[in-house]
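Just below is one structure, and these are the notes that go with it.
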Amino acid sequence: METIVKKINRENLKKEDFSEAVAILRSGGLVAFPTETVYGLGGNALDASAAAKIYAAKGRPSDNPLIVHVAYKDSLFELAKEIPDEAWDLAKYFWPGPLTMILKKKDVVPDGTTGGLPTVAVRMPSDAVARMLIAQSGLFIAAPSANASGRPSTTRAEHVYKDLAGRIEMILDGGSATIGLESTILDLSGKKPVILRPGYLSREDLLSVLPNLEYDPAVIARTTQKDIVARAPGMKYRHYAPKGNLTVYEGGRVEVAAAINRAAADKIREGHTCAVLAAEETAAEYVCPIVKSIGARTQEEIIAARLFDVLRSFDDEGVEFIFSESFSDGHLGTAIMNRLLKAAGYQVIHVPDGDGK
Ligand code: TXA
Ligand code: MG
């Protein structure tokens, strides 16, 4: 199958720009499209065979459910039942935007879309191209991140093309995704609301509507050193992975730089290609031939927006070993570290501080 790439001019969105994509979606085909978080691989959410095509194109296990994207808040009525008041409050404050809510599903949503679960994940994206595509199609659009399963999510049409060309009908190229990390996932289907995936909207942001909101224990366990060590190397949790072997170093800045330089020197001596992923403030401290400065620590939004692009760029350069600094937790940092640690398969080295701590 030849994958058509269609450029979309955001300055001047026209209905005609979407007509081919809409026809593909309506006939059960797949279209990748930009959202404000990452690119999504879209298909008709109420058509089990379109969902099956999504799993096949990504090489994704079919028990991993898809997020259903909507153009209007009211669509919740059609997809979900027993919707708690909090869901409407959340929609009021945070939709359109990077928030996915999990609710009990109505029968109209096929098991093929929800991986056999009795719940459905719903999101109303804010990206104008995504919204226009969904609205024009008149459908609900199931869309996982538009990457090959296990690989870093895609934040540009070029990434999507690399992973999925020949496997999907069309890619709408709307430039770079502005946020760069996937949506915050909130499970509202149980007794207590929990965050299943940290994202651009932090727990702190959502407390205004859900004062008792907690992270799912698995999210926190995987971002604290104690549990990471217990779970390492945790290959079965590996997602977002570059082809090279990625290790995250935690600890004092000076000590981390020294440890990474030592580890990289060893690998270079053995004839391997190495690279370092560092914050702007410390990038100059590394002796590796390839050092990617991801942005200033004070500007987490830039780090988030660039993370998947930088992880993918190591593959383009054939890097075999990647050494990464870590970033601080809290707010957006929680989401950044969640993705980075998963990309590393929880391979973390804790470097003691200079004073022996
Ligand atoms: O920002 C995003 O959420 C992007 C864009 C395209 O909207 N989509 C995205 O989809 O990240 P995906 O499939 O890569 O990640 C969705 C996650 C998966 O980990 C899946 O297991 C979880 O959401 N999920 C979906 N439906 C669920 C459900 N009913 N219960 C629990 N988890 C669910
Ligand atoms: Mg994904």
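Scanning the stretch 319-357 for residues that are assigned to a loop (DSSP other than H, G, I, E, B) and of a type in the set (Asp, Glu) returns Glu320, Asp329, Asp353, Asp355. Among the residues making up the stretch 12-48, those that are closer than 29 Å to Ala304 by Cβ and polar (S, T, N, Q) are Asn12, Thr35, Thr37.
Could you list, in sequence order, the residues of the stretch 9-25 that are surrounded by 14 or more Cβ atoms within 10 Å (Cβ to Cβ) and away from ligand 1 (no atom under 16 Å from the Cβ)? Residues satisfying the conditions are Leu13, Asp17, Phe18, Glu20, Val22, Ala23, Ile24. Annotation note: of Thr113, Thr37, Thr100, the sole residue that is touching a helix residue (DSSP H, G or I) at 6+ places or on another chain (Cβ under 9 Å), open to solvent by less than 10 Å² (accessible area, probe 1.4 Å), near ligand 1 (Cβ under 10 Å from one of its atoms) and at pLDDT 95 or above is Thr113. Within the stretch 175-197, residues that are hydrophobic (A, V, I, L, M, F, W, C) have Cβ atoms under 7 Å from residues that are part of a loop (DSSP other than H, G, I, E, B) and open to solvent by 30 Å² or more (accessible area, probe 1.4 Å) in these pairs: Ile179/Tyr200; Leu181/Tyr200; Leu186/Pro193; Leu188/Pro84; Val194/Asp216; Ile195/Asp216; Leu196/Asp216, counting only partners at least 6 apart in sequence or on another chain. Among the residues making up the stretch 236-277, a single one is more than 14 Å from Phe321 (Cα to Cα), of a type in the set (A, V, I, L, M, F, W, C) and either open to solvent by 50 Å² or more (accessible area, probe 1.4 Å) or assigned to a strand (DSSP E or B) (or both): Val254. Of the residues examined, Ala91 is one that is open to solvent by less than 10 Å² (accessible area, probe 1.4 Å) and out of contact with any strand residue (DSSP E or B) (no Cβ under 7 Å at 6 or more places or on another chain). Looking across the stretch 119-143 at every residue that is open to solvent by 10 Å² or more (accessible area, probe 1.4 Å) and near ligand 1 (Cβ under 8 Å from one of its atoms), the one that is farthest from the chain's Cα centre (by Cα) is identified as Thr119.
Any idea which residue in the stretch 282-299 is nearest to Leu201 (Cα to Cα), counting only those that are surrounded by fewer than 20 Cβ atoms within 10 Å (Cβ to Cβ) and in contact (Cβ under 8 Å) with a residue 24 or more places away in the chain? Out of the qualifying residues, it is Arg297.
A quick yes/no check of all residues on (1) more than 28 Å from Ala177 (Cβ to Cβ); (2) modelled with pLDDT under 95:
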{"site": "Leu246", "(1), (2)": "no, no"}
{"site": "Gly271", "(1), (2)": "yes, no"}
{"site": "Glu280", "(1), (2)": "no, no"}
{"site": "Val291", "(1), (2)": "no, no"}
{"site": "Ile303", "(1), (2)": "no, no"}
{"site": "Asp329", "(1), (2)": "no, yes"}
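Across the stretch 156-179, what is the total count of residues that are within 16 Å of ligand 2 (Cβ to nearest atom), in a helix (DSSP H, G or I) and not aliphatic (A, V, I, L, M)? The number of residues fulfilling the criteria is 3. Criterion applied to Arg156, Arg123, Arg151, Arg131 was being basic (Lys, Arg) and closer than 17 Å to Ile185 by Cβ, and the one residue passing it is Arg123.
Taking the stretch 1-75 and the strands (runs of 3 or more DSSP E) fully enclosed by it, the elements with 2 or more residues that are closer than 13 Å to Pro144 by Cβ and touching a strand residue (DSSP E or B) at 6+ places or on another chain (Cβ under 7 Å) are at 31-33, 40-44, 67-69.
Looking across Ser149, Ser153, one residue alone is at pLDDT below 95 and either within 16 Å of ligand 2 (Cβ to nearest atom) or not in a loop (DSSP other than H, G, I, E, B) (or both). It is Ser149.
The values are calculated or read from the model by the stated rules, or taken from the named source; none is laboratory data. The model shown is predicted, which means the values in this text are computed figures rather than measured ones. Virtual Cβ from ideal backbone geometry, glycine too; neighbours counted across all protein chains shown. The protein model used for the area step is the full one, side chains on, heavy atoms only, and it has no ligands, DNA or RNA in it. Shrake-Rupley method; radii C 1.70, N 1.55, O 1.52, S 1.80 Å.
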